[in-house]
1. Arrange the following residues from fewest to most other Cβ atoms within 10 Å of their Cβ: B:236, B:258, A:50.
2. Alpha carbon centre of the stretch B:130-168 versus the stretch A:129-172: separation in Å?
3. So if I restrict to the alpha-carbon atoms in the protein assembly as shown, what is the Rg, and what is Dmax, the biggest pairwise distance, in Å?
4. Could you check what % of the DSSP bridge pairs in the stretch B:166-279 are antiparallel, to the nearest 5?
5. If you rank B:50, A:107, A:32 by fewest surrounding Cβ atoms within 10 Å, what's the result?
6. If I take every Cα pair under 8 Å that is 6 or more residues apart in chain B, average their sequence separation and divide by the length, what percent do I get for the relative contact order?
7. Only helical DSSP H runs with n ≥ 4 go in: add -39500 (n - 2.57) per run for chain B, normalise by residue count and round the 222 nm mean residue ellipticity to 500 deg cm²/dmol.
8. Using a 10 Å cut-off around each Cβ of peptide B:260-269, what is the average number of partner chain Cβ atoms that fall inside?
């Protein structure tokens, strides 16, 4: 199997001049126990750069960039944290995409099957209670050696203020 | 072709409040241990050779999200009960956790499996919902009445090379339950031999299904007994009917789930004459 990894860290709001609607809903807290339980959960000091809806918009653009480079019906694993803040857009719910909490286990199974597929290992946070480091790593797997033009993804990451952008090839 | 349900088990999880700070990890340990005993029981339907062909075990949930999202727990905790080499060999550890599609997560996961694991005959999936943080929203609310917590494990078999009837989609309106009832009604018009296994809801919401789907066969709504068990509902309905000898192997079922945010799924499921069902003691 041949793999290409592309990674970068979001360091600013990628849609900075847009008006933002606070549409995402969080869990209602009503009792003493609710507040106590929430206070036992860890929080981080990682900055929040995007709202839920901006995050989905960014993910749809990354998917579009991958689909420009690889076949349209390629299986794609996309890491997604819950709660989603509302209904996710239809573009993320398409047949060939699986949204899951941690991509690694299923990624290993698909590598074992020697299948062409892509992974978006997305650790962008949308809420201070989410764990993550705002890094996105895209891993493209192919049974045969393929010379992709990585331009659609690299252009996107650069345009949307990702830093520490790197890419490398691996043979598995 | 339909998928065959070879074995299925449900174990209720007691929702009694506890000191979540002190007993949190202990509680997960107990649930994890019972969960893997359930998986072992379900897998007894297979020979060792058949069992060794299974390389995936999907775990789905609706409401178990914040402990994962905040980084408080990881999937490893649900495999922690598999301590010894023998236990690890006997059981199949969880390989993926999917809660994104809420109650419809099992259907979207099944869709992925059918699309991407074309040479795999068996599909092992568990659904867990447990109010580990004692949050009142998850205990009871106007969207589904009383919640029912538990863990369900399913072992399904498919005929390789044939098309399985599995639909995973999303409502276009915010009245997801009546819209889903309409989607099911359209499906049942062409498949009126199916028996529907629907999500469990209190009377006021159940009436949507009663009124819109009253002309078609359906398994009893067990909300009064179990509460709303999230993605487990259609499977608890099938397990209960199986244990009561109310399922005939020539009849096919339509397992249906709908989520609060409008995601829905339905799948044609067959029963074998030797299909096994179990409801475990509450943990």
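Throughout, read-outs are computed from the coordinates displayed, never taken from laboratory work. Everything numeric in this text was worked out from a predicted model, so none of it was measured. Glycine also receives a Cβ, built like all others from the backbone with ideal geometry; neighbour counts cover every protein chain displayed.
1. Fewest-to-most ranking of B:236, B:258, A:50: A:50, B:236, B:258.
2. Rounded to whole Å, the Cα centres lie 34 Å apart.
3. 21.7, 63
4. Within the stretch B:166-279, antiparallel bridges account for around 75 percent of the total.
5. Listing B:50, A:107, A:32 from fewest to most nearby Cβ atoms yields A:32, B:50, A:107.
6. That works out to 30 percent.
7. -10000 deg cm²/dmol
8. Mean shielding by partner chains, rounded to a whole number: 2.
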